[in-house]
Structures are given as structure tokens and as C-alpha cells.
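Bear in mind that the values in this text are calculations on the coordinates, not laboratory data. Computed from a prediction, not measured in an experiment: that's the story for all the values here. Reconstructed Cβ throughout: ideal geometry from the backbone, glycine too, with neighbour counts over all protein chains shown.
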Amino acid sequence: MNFEHISVLLEETIENLNIKENGIYVDGTLGGGGHSLEIVKKLGKNGKLIGIDQDEQALKAAKLRLKDYQDKTVFVKNNFVHIDKVLEDLHIEKVDGVILDIGVSSHQLDEGERGFSYMKDAPLDMRMDQDQELSAFTVVNEYPKEFLTEIFYKYGEEKWSKRIAEKIAEERQDQKIATTLDLVEVLDHAIPKKVQRQIQGHFAKRVFQAIRIEVNQELRVLEEVIPKVVERLKPGGRLCIITFHSLEDRIVKNSFKELNKDCICPPEIPVCVCDHRRKVKIITRKPIEAMETEKENNARSRSAKLRVCEKV
Ligand SMILES: C[S@@+](CC[C@H](N)C(=O)[O-])C[C@H]1O[C@@H](n2cnc3c(N)ncnc32)[C@H](O)[C@@H]1O
């Protein structure tokens, strides 16, 4: 298996993780192990890297890439949202740093049969975790059309979401929409040709993205994991998150802001009753973006944003 994925904002992330020789680090989105490899290179005899991914193929690829560092690495197949369970199983209470490089890998997109791509025909799947039940097939064929409209609009910022959802509901009455190219055909009929010509990139891109986010519950798990990670960081420990979508970046930005606040009582309450104490300091007031050279060499990096916070 050839695992093609160029790590994004690699130097910037490693620099911001402030790696300590004997620290314990978690890569919650191992992928091809690109970021992890740079982390383990900096670890000393007692340093550890815990690499988590929900995709079996990613774990396989990362294990191979990190094979020279077996004494310093532990690999876990799980969703990063279960970080508490992962650390408990390993009898680890606190860690020195966590990285999350959110979203799909290029490998997942390129492997036609995973059903992520609107360019390659395959069963509608899009599950990062192949053991998960919910797939793109269920979303497309069983979700009520109102729900589909909302998903396409919210997660794909698709202006034609209502019309697309209606067309899907109509088509699936006769026959299930079984493959990626079946869905592309439905979209082709739903989105007027003139609009298709004006869209930057492929006309199916936004709907495919929206379905993928829904199938993998990408926004929900991101929102849930941030406070969990912060609880698990040692003072001075850092959390680095790379996102590729404005909705994800907003979640990271707002979560960091919330965790940075001392009191979260409503303004009309004169005396603090919430006992909320600041848990992090924000290292990146503005997100770090890729340099021009990286953007030229890796199209994925163009929308990447890195935000970093530090446990106080
Ligand atoms: C962008 S890639 C990471 C690439 C990696 N940083 C590298 O440099 O090779 C994202 C990876 O995270 C995994 N992933 C995404 N969401 C996840 C989640 N909630 N839990 C566990 N793994 C997740 C995907 O399966 C994919 O392999």
C-alpha cells in the first residue's frame, strides 16, 4: 500500500509543540505519521508518542513509517474523542502535548473505493472508521430531505441545498443512490448548468464535503475533544490543532477563547458564581497559515489554519 500524504504546516506545528526530550505526546490524527515522525525524532530515551487514528489503513502506514522508533511509540485504533479511555488504558494521566490535524488524508481521498471522491466510482461510503455503522449510503438514502438540506447548507455552504435534497429524495424513491457517480449524476441534474460553470472546482465538491462531515461527525468530535485534551495536559503542555474548514476553525477559536476565560457568568450577575477558572493561554492570537512556498507545493495547505494553546 502506498500512503500518499504531504503533512501540512509541519515545521510550524513541531516548533509550537515545544517538544521535551522525555515528554509524552499524543498525535490524535496519525494519518501517514508525518507529524509523528518529526515528534519521535526529538524524543529521548524516556519520551513517548501515542498515535491514534480511527482508520486501520492509516495505522498500518504509520507503523511502517515509524518502525525505527518502536520503543517510543504506541499505536491505538480509536476516535480521538475517546482520548480519556485511550490514556486510561495506557495508565497515563497527563501528557506534555497533543496534535490534531483534522479531516481526511490525501490517501483516503485518493483511494477510490473508500467512496470519498466524486472523481472515482465506488459505493457511497466515506467512513474513516471502517467499523462504524453510519455510511454515506445511509445519509443519502435514508435521511429526511429537510435534514439533508440543512447538512448541505451548514457543512457544505451549498446554496442549492434545498433543490439538491429534493432531487435526491425524488431519485431514491425509484432506486437507491448506490455509488459516488450515481450521486454526482443526481447533483448534475439538480444544479443548473450555468451555476455549475460558475462554481470554482467540481460542482459536487461541497455536497461531498458535507456528507463526509456528517458521516464522520467531524464537527461534533472536534468540539467535544478540546476540553478533554486540555484536562489531560500538564501545565505548560500544548495543544496544536490544524483545520481546513472555516466551521472547524471557528470551533477551535471559540473553544480556546472559552477555556481562556476566568469567569463565564452572564454579565448581569454582579458577583461570580461560576467558579470557572482560566485553563489555557492562547499562543496564536491569529491562526498560523502556510507560507507561499508550501501553498505552491501542496494545494491542501492553502486553507490550513494552525491554532495553539497552552495549559496554565
Ligand atoms: C489529515 S490526516 C493526518 C495526517 C498526518 N498528520 C500526517 O502528517 O501524516 C487525518 C487523519 O486523521 C484521522 N482522523 C480524522 N478524524 C479522526 C478522529 N475523530 N479520530 C481518530 N482519527 C481521526 C483520519 O483517519 C486521517 O488518517
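Values as computed for the structure displayed
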{"read-out": "Set of aspartates and glutamates near Lys77 by C-alpha distance (under 13 Å), chain-local residues within fewer than 8 positions excluded", "value": "Asp27, Asp53, Asp55, Glu56, Asp89, Asp129, Asp131"}
{"read-out": "Förster radius 30 Å - calculated FRET efficiency between Asp84 and Lys41, Cβ distance, rounded to 0.05", "value": "0.60"}
{"read-out": "Exceeding the 30 Å Cα-Cα cut-off - candidates Lys253/Lys295; Lys45/Lys85; Lys159/Lys311; Lys20/Lys261; Lys205/Lys253; Lys41/Lys286", "value": "Lys159/Lys311"}
{"read-out": "Only Lys, Arg (+1) and Asp, Glu (-1) charged, at Cβ; region 117-215 dipole about Cα centre in debye", "value": "640 debye"}
{"read-out": "For the chain, calculated [θ]222 nm from helices alone, where every DSSP H run of n ≥ 4 adds -39500 (n - 2.57)", "value": "-12500 deg cm²/dmol"}
{"read-out": "The chain - percent relative contact order, Cα under 8 Å, separation 6 or more", "value": "17 percent"}
{"read-out": "Assigned charges on the beta-carbon of Lys, Arg, Asp, Glu; the chain dipole about Cα centre (debye)", "value": "1000 debye"}
{"read-out": "Relative contact order (%) - region 117-215, alpha-carbon pairs under 8 angstrom, separation at least six", "value": "40 percent"}
{"read-out": "Degrees between helix 145-156 axis and first principal axis of the chain (Cα, 0 to 90, nearest 10)", "value": "50 degrees"}
{"read-out": "All aspartates and glutamates inside 13 Å of Lys234 as judged from Cα atoms, apart from same-chain residues fewer than 8 positions distant", "value": "Glu93, Asp96, Glu310"}
{"read-out": "Gain on full stretching of the segment that runs from Gln217 to His189 - 0.36 nm per residue minus C-alpha separation", "value": "7.3 nm"}
{"read-out": "Segment Lys234-Lys205, extension gain: residue separation times 0.36 nm, minus the distance between their alpha carbons", "value": "6.4 nm"}
{"read-out": "Qualifying aspartates and glutamates (Cα of each under 12 Å from Cα of Lys305; at least 8 residues distant if same chain)", "value": "Glu12, Asp101, Glu248, Asp249, Glu289"}
{"read-out": "Square roots of 5 times each gyration tensor eigenvalue, C-alpha, region 117-215, largest first, Å", "value": "19, 14, 13"}
{"read-out": "Cα→Cβ-extended label distance, 7 Å offset, between Arg277 and Arg302, nm", "value": "4.7 nm"}
{"read-out": "Cα extents of region 17-93 along the three principal axes, largest first (Å)", "value": "27, 27, 21"}
{"read-out": "Packing rank of 189-201, 214-226, where each peptide gets the mean count of other beta carbons within 10 Å, highest leading", "value": "214-226, 189-201"}
{"read-out": "Assigned charges on the beta-carbon of Lys, Arg, Asp, Glu; region 16-172 dipole about Cα centre (debye)", "value": "520 debye"}
{"read-out": "Rh by Kirkwood over Cα pairs, then Stokes-Einstein D for the chain at 0.692 mPa s and 37 °C, µm²/s", "value": "158 µm²/s"}
{"read-out": "Cut-off under 5 Å, modelled amide H: who pairs with Gly236 long-range", "value": "Lys311, Val312"}
{"read-out": "Nearest 10 degrees, 0 to 90: helix 246-259 Cα axis against the chain principal axis", "value": "30 degrees"}
{"read-out": "Positive-end residue, region 117-215 charge dipole about Cα centroid, Cβ charges, pick of Val207, Trp160, Thr179", "value": "Trp160"}
{"read-out": "Among beta bridges that DSSP assigns inside the chain, antiparallel share in %, nearest 5", "value": "40 percent"}
{"read-out": "Exceeding the 23 Å Cα-Cα cut-off - candidates Lys48/Lys94; Lys145/Lys176; Lys63/Lys120; Lys60/Lys154", "value": "Lys63/Lys120; Lys60/Lys154"}
